[in-house]
1. For Gln156 paired with Ile257, estimate the spin-label separation in nm (one decimal), with each label point 7 Å from Cα along the Cα-to-Cβ line.
2. Dipole magnitude of the range 1-89 about its Cα centre, charges +1 at Lys/Arg Cβ and -1 at Asp/Glu Cβ only, in debye to the nearest 20?
3. Give me the extension gain from Ser131 to Lys52: residue separation times 0.36 nm, minus the current Cα-Cα distance, reported in nm with one decimal.
4. Among Tyr104, Trp42, Leu89, which residue has its Cα positioned farthest towards the positive end of the charge dipole of the chain, with +1 placed on the Cβ of Lys and Arg, -1 on the Cβ of Asp and Glu, and the dipole taken about the Cα centre?
5. What net charge is computed for the residues neighbouring Phe266, neighbours being all others with C-beta under 14 Å from the C-beta of Phe266, Lys and Arg scored +1, Asp and Glu -1?
6. Taking R0 as 22 Å, what FRET efficiency do you get between Asn5 and Asn25 from their Cβ-Cβ distance, rounded to the nearest 0.05?
7. How far apart, in nm, are the 7 Å Cα→Cβ label points at Asp198 and Lys172?
8. With unit charges on the beta carbons (Lys and Arg positive, Asp and Glu negative) and the dipole taken about the Cα centre of the range 110-230, which residue among Met194, Ser164, Thr224 sits farthest to the positive side?
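A short reminder: the numbers here are calculations on the coordinates, not readings from a lab. Fair warning: this is a prediction, and the values are worked out from it, not measured in the lab. Positions of Cβ are backbone-derived with ideal geometry, glycine not excepted, and every protein chain shown enters the neighbour counts.
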Amino acid sequence: MQVINELEITIHDLFVSYTDDGDENTPVIVFIHGFPLNKSMWNDQTEMFRDKYRVITYDVRGYGNSEEGTEEFSIDLFASDLKRFLDALNLKKVILCGFSMGGYIALRAAEKFPERLDALILCDTQCSADSAEAKEKRLKSISAIRLGGLELYADQILSGFFFSDSAKKKSKEMIEVRRMIESNSAEVVCNTLMALADRSETCNNLEKIEVPVLIMVGAEDKMTPPAASEFMQSKIAGSTLYKLEKSAHLSNMDNPIDFNKHLEDFLELVTQMKL
């Protein structure tokens, strides 16, 4: 296993932690992690793809080793942070891959600055805003976290991240994910839950997306069910959808073999289209 070097940059007074691996003359793919995780969720993809691509991961503000800052959290703010990050690294165009919350950020990026995207990969995510029921659930989670901390919340999240049959075989991955969750500040998690509850939909922009799009979802994902991915695929012309068998929400760690295979095929197709 090669070492993944962690880098740091200050953007608009915000300290951001990121990784940047691979040849800078190859196509750039930027991975955005989900909630409440950090950039290390993409370590397997970084190791696999950095021989052919420039692979960049970063910690969304407040997560991993990135500073929280002073602004009120929102998906719009996270998307603005992404644009500033691309600007700071002088990345004119990238292949953008977002998981779950990272998908919300990627979809907002496709809406706000589509000219910066060469392609889009949406993993276990959706374009719709929270339903009233989902908002209420997030508010209850905020109350529970502020009362009892992150340990119980980590238990609840983990139960949906991994497919029940595979969870028994993935104790290492589950320990790693639990560590990511519990390393967060409870206040950052609560602020993010509120941002997720308040986010607006991006479904009305799907038909405007013109770059190649790959959508992947765990066939057993209960958090962002396959139906949400099917809807996005029906609205984005030319997009491709894969349902990963024996995989729940955290598909890149739950079924990395199929995830990486579909991603590899898509990246090769995008690269050929650019030649």
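1. Distance between label points: 3.4 nm.
2. Values: 7 positive and 18 negative charges, 55 e Å.
Using only the charged Cβ atoms, the result is roughly 260 debye.
3. 24.4 nm is the gain from fully extending Ser131 to Lys52.
4. Tyr104
5. Local charge sum for Phe266: -2.
6. Numbers: r = 18 Å, r/R0 = 0.84.
Efficiency, from the Cβ-Cβ distance: 0.75.
7. Placing both labels 7 Å along Cα→Cβ, they lie 4.1 nm apart.
8. Ser164
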